[in-house]
Amino acid sequence: LAGRLACTRTTAEAMKTLVAGNQELKKAIALDDFPKMVEKDQQFHLTLNRFSKNPFLIKVIEDLRLKSYPFSYYYWRSNQYLRSSLAEHNQMILALRNRDFRFLDKLIETQLNNSKNRYLKYLAQSEPKNSFSTLGGGGKQ
């Protein structure tokens, strides 16, 4: 819904802000400025969300992003994810310019699913191999 609303409500002036923010993200990646990368990525998505001009939707999405913020640090540790994120941002900008809400919705859905899958993979990798031994119940008696 946020993408659909953004496509119909975004102005040319607002688009300049989004594009400039994405350029700042690109610079942060080139400089390997990790804190700035996380900040600029978050800023891109919050700006896109605000284009919907729907206060309830903005609040809900921003609250969800805050809850997932710690994951951003894991996500940005991979050069592969950095490149794909920039490419996805560029596609989102193109979809907004073309007022193609179907394409924008698809991009947002794909990015959310990819992020969810990466987070689940991260959680699986960080789990102890034998949960019984960490609780004291898996050793020999």
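Points to keep in mind about this one:
- Counting the residues of region 55-95 that are aromatic (F, W, Y) and at pLDDT 70 or above gives 2.
- Pair list, Cβ under 9 Å, 6 or more apart: region 48-71 residue on the phi > 0 side of the Ramachandran plot, other residue assigned to a helix (DSSP H, G or I) and open to solvent by 50 Å² or more (accessible area, probe 1.4 Å): K53/R9
- Of all residues in region 86-103 being assigned to a helix (DSSP H, G or I) and polar (S, T, N, Q), the one that is surrounded by the most Cβ atoms within 10 Å (Cβ to Cβ): Q91
- Look at region 1-18: where a residue is within 14 Å of A95 (Cβ to Cβ) and a partner is among the polar types (S, T, N, Q) and not in a loop (DSSP other than H, G, I, E, B), sitting 6+ places away or on another chain with Cβ atoms under 6 Å, you get A2/N49; L18/T47.
- Here L25 does not qualify as at pLDDT 80 or above, under 23 Å from R102 (Cβ atoms) and of a type in the set (A, V, I, L, M, F, W, C).
- Applying a threshold of 6 Å to beta carbon distances and a minimum spacing of six or more residues, or different chains, the list of pairs starting in region 108-119 at a residue that is closer than 13 Å to L82 by Cα and ending at one that is modelled with pLDDT of 80 or more and of a type in the set (D, E, K, R) reads Q111/E88.
- Close pairs (8 angstrom Cβ cut-off, 6 or more residues apart or separate chains): within 21 Å of K40 (Cα to Cα) in region 87-105, in a helix (DSSP H, G or I) and of a type in the set (S, T, N, Q) anywhere: E88/T110; E88/Q111; H89/N22; N90/N22; I93/N22
- Region 17-65, residues that are under 19 Å from S84 (Cβ atoms), buried (at least 18 other Cβ atoms within 10 Å of the Cβ) and β-branched (V, I, T): I29
The values are calculated or read from the model by the stated rules, or taken from the named source; none is laboratory data. The model shown is predicted, which means the values in this text are computed figures rather than measured ones. Virtual Cβ from ideal backbone geometry, glycine too; neighbours counted across all protein chains shown. All accessible areas refer to the heavy atoms of the entire protein, side chains included, with ligands and DNA or RNA removed. Shrake-Rupley method; radii C 1.70, N 1.55, O 1.52, S 1.80 Å.
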